[in-house]
Amino acid sequence: MKREYVNIGGRLPRVDGMVKAAGEAMYTGDLSLPGMLHGKLLRSPHPHARLLKVDTAPALTLEGVRAVITGEDTLKFLAGGIASPGNEPYLAFEKVRFVGDAVAAVAAVDEETAERALALIDVEYELLDPVLDPFAAMAPGSPLVHDDAPGNISFETDLSFGNAQRAFATCDYVRYDEFKTAPIRHGFIEPHAALASWDTSGRLTFWGSKQSPYFTYRNMAKALDIPMSKVRIMQSYLGGGFGGKNEMFNLDFCAALLSMKTRRPVRIVVSQEEVLYAYRQRHPAWIKLQSGFMKDGTLVAVDAEIVAEGGAYKGIGALSLYLMCTFLALPYRVANLRAKGCRVYTNTQPSCAMRGHGVPQVRYAAEVQLDMAARELGLDPLEIRLKNAIQSGDTTGNGFEITSCGLSETLLEARGIVERWRGETPADSEPHLKRGIGVASYGYLSGPRMAGHNTSAALIKVHEDGRVGLVTGSTDCGQGSDTVLSQIAAEVLGIHLDDVQYGGMDSEIVPLDPGVFGSRVTFITGNAVKWAAEDVRAQLAGVAAGLLDAEPDDLEFRDRRVFVRDEPDRGLPFAKLVKSAQYSGTGMTILGRGYWAPEDIDLPRFDTGMGNQSGAYSFGTQVAEVEVDTETGRVKVLRLAVSHDCGQPINEMLVEGQLEGSSIGGIGHTFTETIQRRRGQTMNASFLEYRMPTALDACPVEVTHTDTVDEMGPFGAKESGEGVQVAVMPALVSAVHDAVGVWFKEVPITPEVVVEALGRGAEAAQNADARRGADARRDSRDDGRSRDGESA
Amino acid sequence: MRSFRHVRATTVAEACALLAEPGTRARANAGGSDLLGALKDGIYPEPPDLLVDLKTIPGLDAIEADEAGLRVGALARLADIARSEPIRAHWPIFSQAAQAVASPQIRNVATLGGNLCQEVRCWYFRYPAGLGGSIDCLRKGGPRCPAVKGDTRYHAIFEGRGCFAVCPSDTAVALAALDAIVVLEGPGGARRELPVQDVYTPLGTVLEPGELVTAVRVPPPAEEARSAFLKFTVREPIDFAVVSVAASITLRDGVCTDARLVLGAVGPRPYRALEAEARLIGGPIDERAAVEAAEVALAGAKPLRGNAYKVPLARSIVMRAILAALEG
């Protein structure tokens, strides 16, 4: 059961809300330094080519140009790599591997001069045959993106427990389907930006736009071969990330190296077009999926073959593939699983993490197939999920230990929502408008265990007026973590949220932290903050105990006061206590320190998918209602609902914001978003033609919380906001099937895809009949099965 | 971006003279919502070296309505057209089409002349030079159209010849259904008037060097005319039309005496479905008539490899526009 708190669980406004709304928040691209130069990157126009010559001399003669660097000016550090060394140069040498790969960088007195200088760099390419499709890439004799990766295989995961093949023979019903997802974008509004300033003491000060500043800290030191302690990473506000700002990128490196060369600060802000064609995307995936069931809906066995297009470089793709495979084991019980994943290199922009990180692709396939099976078996989609839902206390076959779990509760909640919506939904108003409802569930992790450093840390400084300053290395990329972490500190110290000032990132003082990814901040950094606040409280309680003649353990911190429990009058204001501590004879500096990571979590086995990945898992069920225009193929999402288990919400308003944003993002992935390429070129590198939903495409999202707490999470909290992205696509696809009787096994489901799938081209003449009142809804549902199959 | 000369014209004559200056590659600029994007993307093989600002020509943004009809200056902003009382009252589809363009921010700067003369949105034509170099195409003087063997989902299903880009203007579609006349003025006081759909050719417009759209004239509406403008887009706002339709129907005693059916984003110019109009005239307008007219309207469509879906899509929008006009 949930408990009552002062600063936890309510709807407190975010601490960075006012400055952002007022336009006062400074992002890296807003910063400038005296004498600052402007940097630009020269990018490859070819998807695959050998670099024969990069002559920078003509560019250097241009007035205002201060430095030009190429791959030959670097130490040829190779970035990326989890489970094996990375292979991405910050500036290409020997080869370019996608349209947009960086070849050189210029620092000049202004952006225009830098731009002009790029045109003067003389690059000679020897064109190589590109590989633009992962299946062609794997074919024998295909050109190699990396010489040391035969078959263009980037990474493989082979997860197996039970015996899926043998188990299929015992099943009452087995089905096989093939699914495909599109390459899509993160869509953050702040483009990548870097400002670097090198000084003669050998210190590099760097302002970036990073979800994980300490990743950049480490790579910067390695790539420049300087001590880590000489790298100072600073950061204030971050304009969105969604997984696309985890890694250190070429502009970060080039700003630093250009500053070293010129002894001037150098700023590089890339354009939104560059973000869209030359940086990261979500892995498109081809998923062959076979599942076996008993008549009662029990899921017995799953066998999956996953091909994920990794693009030109390794990056953190091993983790992506690992997550794709392991999340076939969640959120339903399954005793027999085989998941073979293969990440493949192609000459396109590299794929990386993106909200849900690999899991949305496979769960789209698995949830839709579960619905197909349910219908074949005559079972309700919610019943088959309840039948198989994982429960607290379970351990999955690959070792996920499920502690708190409210999945069944969310399914029961969803059942009520579906019944209510069915009752509220009017009969189809026009014969060509078909309504449908779909559901899908998800499980997600609260911070993946990574190889290497995994611990979050927090520092709290107490000011003499009784307010506190809090810093961590976990950045707020819009999800609200500055607020959530401040709330946790305030709750422990019995002060108000207003009394906590959340500080920016500065590696000079902010302790080492992995940063923001995998829904780890509330759960892991939250615990570190809680511990740091408890450290402060213990130090102050020692002083208060002397002043109040009480035992420290008997003291309560509440409403900016410290008092003896059950004797509220025997106490003193928090601020006065702080002053007493600081102003006493010897004086005290009150600094709280906390660090935390879940214990006994296995190091991930990226190759086999075995081991417990996280200290806690979140769950939820998404409900979607759509209206399909069968003539135009356009699908309107009427409303969404999420019933979710994030343990104790620290801030209900922020949780709702996360769930709403993630849900609406899923609308884009399902219906409109895809990267269009032509010979490796991106045809829609703008937000006009890369069609993310806008506010007018959004729909109401109902959110209901379950009554769960997680014993390990801070105040019982765990993941929220990323996991729900996993269930949006399948819920929408299922709703479309409910409306028109067609299963779409490939996303996005654009109007042309719907029109073609519904065969309106041949049936247009029947429109007249349809319009004269024949309600085709029932018919199209009944014959839906005959139309099952590939969705164009 | 390349540098260029920028001149603020104060009269139409001055603007035309500047645009016709020998040896210069001049372009007219008003709201800038199309041209500046095209320049930033570097889509022109030979970028302009002179921009002639038309916004400084006084009086060219007037909206005047009287018994003789409507006259709208080329500098009238789309936002002003959308909210103009006389236009809303007597030529509502013109107002609706202006309102259907892009976003409020863009409608606040974009002008009627610019909306009519904007560059096509074909993603081969508009491919930004900075993203690995421009894509050569027929419209830019190249030997062939890369769309034909490429991704044509947003390309023409009517009247494509060599180039298959579609006219992206929403207002042109409504204006064609209103029998609007475009006033063109050129150097030396030259002046001509053309029906709006005749302004466009498969590779651009009929505008001569130095020639400008200065106004649009719309005749007074027939007393019993009813009309509708429908625009199908992928997202709710912002997007260019995949298909749009303007329908204007005159009914006397339940019988259609005149009809205009104009399809947008299906060809290089607003496509007037003359046979479908003829099918409507002389009979009552009901669902059957609408379906049949829509069928006739698309009968001559020649989809490319990748845009066959636009045919049934356009057919249903035509049908809906006819029925919406009845209710309008």
Problem - Shape parameters for the stretch A:616-678, alpha-carbon atoms, Rg then Dmax in Å - result: 15.1, 48
Problem - Long-range Cα-Cα pairs in chain B (distance over 27 Å), rounded percent - result: 43 percent
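So what is the diffusion coefficient of the protein assembly as shown in µm² per second by Stokes-Einstein at 20 °C and 1.002 mPa s, using a Kirkwood Rh over Cα pairs? Display every interim value, and only then the final one.
On the way: Rh = 31.9 Å.
Result for D is 67 µm²/s.
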Practice task
Straight distance only, please: which lysines reach the Cα of B:K149 with their own Cα at less than 22 Å, same-chain residues fewer than 8 apart left out?
Solution key: B:K140, B:K302, B:K310
Handout entry: For the stretch B:290-324, residues shielded by at least 10 square angstrom of accessible area compared with the chain on its own, probe 1.4 Å
Key = B:V291, B:E295, B:Y309, B:P312, B:L313, B:R315, B:S316, B:M319, B:R320, B:L323
Completion exercise
Over chain A, with neighbouring protein chains present, the accessible area per residue in Å² at probe 1.4 Å is 35 Å²
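For the stretch A:234-294, what is one quarter of the convex hull surface built on the Cα atoms, given in nm²? The partial results should precede the final answer.
On the way: hull surface 30.8 nm².
That works out to 7.7 nm², a quarter of the Cα hull's surface.
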Fill in the blank from the handout: Here, B:A299 and A:T200, labelled 7 Å along Cα→Cβ, have an inter-label distance in nm of 8.7 nm
Practice task
Would you mind checking the stretch A:657-694 for residues with the amide N under 11 Å from a putative spin-label position 7 Å along Cα→C-beta of A:A21?
Solution key: none
Completion exercise
Computed over the Cα atoms of the stretch A:592-707, the Rg and Dmax in Å are 19.5, 64
Practice task
Give, in nm to one decimal, the length gained when the segment between A:A538 and A:S580 is fully stretched (0.36 nm per residue of separation minus the Cα-Cα distance).
Solution key: 13.6 nm
Problem - Stretch gain in nm, segment A:D55-A:Y5, where the contour uses 0.36 nm per residue and the Cα spacing is subtracted - result: 11.5 nm
Fill in the blank from the handout: Note to self: Kirkwood Rh of the stretch A:405-456, Cα pairs, one decimal, Å, is 14.9 Å
Practice task
Report the FRET efficiency, 1/(1 + (r/R0)^6), for B:K55 and B:V206, where r is their Cβ-Cβ distance and R0 is 25 Å, rounded to 0.05.
Solution key: 0.55
Exercise for the section: Arrange the peptides B:129-136, A:615-622 so that the one whose residues have, on average, the most other Cβ atoms within 10 Å appears first. Expected result: A:615-622, B:129-136
Practice task
Can you tell me how much longer the chain between A:R679 and A:K230 gets when fully stretched, taken as 0.36 nm per residue apart minus their C-alpha distance, in nm with one decimal?
Solution key: 157.4 nm
Exercise for the section: Could you please state, rounded to a whole Å, how far the C-alpha centre of the stretch B:83-120 is from the C-alpha centre of the stretch A:596-653? Expected result: 43 Å
Fill in the blank from the handout: Under the helix-only model (-39500 (n - 2.57) for each DSSP H run of 4 or more, divided by the residues of chain B), the mean residue ellipticity at 222 nm, to 500 deg cm²/dmol, is -7500 deg cm²/dmol
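Let me spell out the model: positive unit charges on the Cβ of Lys and Arg, negative unit charges on the Cβ of Asp and Glu, origin at the Cα centre of chain B. What dipole size does that give, in debye rounded to 20? Don't skip to the answer; put the middle values down first.
Working: 37 positive and 37 negative charges, 249 e Å.
For chain B, the charge dipole is close to 1200 debye.
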Fill in the blank from the handout: Residues from the stretch A:248-284 losing no less than 10 square angstrom of accessible surface in the full protein assembly compared with the chain alone, 1.4 angstrom probe, ligands and nucleic acids excluded, are A:E273, A:Y277
Handout entry: Relative contact order, percent, chain B [alpha-carbon distance under 8 Å, six or more residues apart]
Key = 17 percent
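In chain B, which helices (entire DSSP H runs) extend 15 Å or more along their own long axis, judged by Cα positions, while averaging at least 0.0 on the Kyte-Doolittle scale? Numbers along the way, then the final one.
On the way: long enough: B:287-299 (18 Å, 0.62); B:310-327 (25 Å, 1.06).
Taking the DSSP H segments of chain B (at least 15 Å long, mean hydropathy at least 0.0), we get B:287-299, B:310-327.
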Handout entry: Accessible area of chain B divided out per residue, in Å², using a probe of 1.4 angstrom
Key = 40 Å²
Exercise for the section: Just the number, please: carbon plus sulfur as a percent of the accessible area of chain B, 1.4 Å probe, no ligands or DNA/RNA counted. Expected result: 51 percent
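What's the FRET efficiency of A:K222 with A:T395 using the Cβ-Cβ distance as r and R₀ = 30 Å, to the nearest 0.05? List each step's numbers first, then the result.
Working: r = 38 Å, r/R0 = 1.26.
Efficiency, from the Cβ-Cβ distance: 0.20.
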Handout entry: Taking the C-alpha atoms of the stretch B:264-328, convex hull volume expressed per residue in Å³
Key = 82 Å³
Completion exercise
Rounded to the nearest 10 Å², the accessible area of A:I189 using a 1.4 Å probe with every protein chain kept is 130 Å²
Fill in the blank from the handout: On the accessible surface of chain A, probed at 1.4 Å with all protein chains in place, carbon and sulfur together account for a percent value of 50 percent
Exercise for the section: Could you tell me what fraction of 2.2 N^0.38 Å the Cα radius of gyration of the stretch A:357-475 comes to, as a two-decimal ratio? Expected result: 1.62
Handout entry: Threshold 10 Å² - residues in the stretch B:232-262 whose accessible area is reduced by that much or more when the chain is no longer isolated, probe 1.4 Å
Key = B:F232, B:T233, B:V234, B:R235, B:E236, B:P237, B:I238, B:D239, B:F240
Fill in the blank from the handout: Between the modelled labels at A:I189 and B:D286 (7 Å from Cα along Cα→Cβ) the distance in nm is 5.3 nm
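If you filter the stretch B:221-305 for trypsin sites (Lys or Arg not before Pro), then keep DSSP loop positions with at most 13 other Cβ within 10 Å, what is left? Before the final figure, lay out each step's value.
Values: sites: B:R226, B:K231, B:R235, B:R252, B:R260, B:R272, B:R279, B:R288, B:R305; in loops: B:R235, B:R305.
Those satisfying the criteria are B:R305.
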Exercise for the section: Can you pull out the buried accessible area for chains B and A, both sides counted, probe 1.4 Å, rounded to the nearest 100 Å²? Expected result: 3400 Å²
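The values are calculated or read from the model by the stated rules, or taken from the named source; none is laboratory data. Because the structure is a prediction, the values reported are computed rather than measured. Positions of Cβ are backbone-derived with ideal geometry, glycine not excepted, and every protein chain shown enters the neighbour counts. These accessible areas exclude ligands, DNA and RNA; they are computed on the full protein's heavy atoms, side chains included. Shrake-Rupley method; radii C 1.70, N 1.55, O 1.52, S 1.80 Å.
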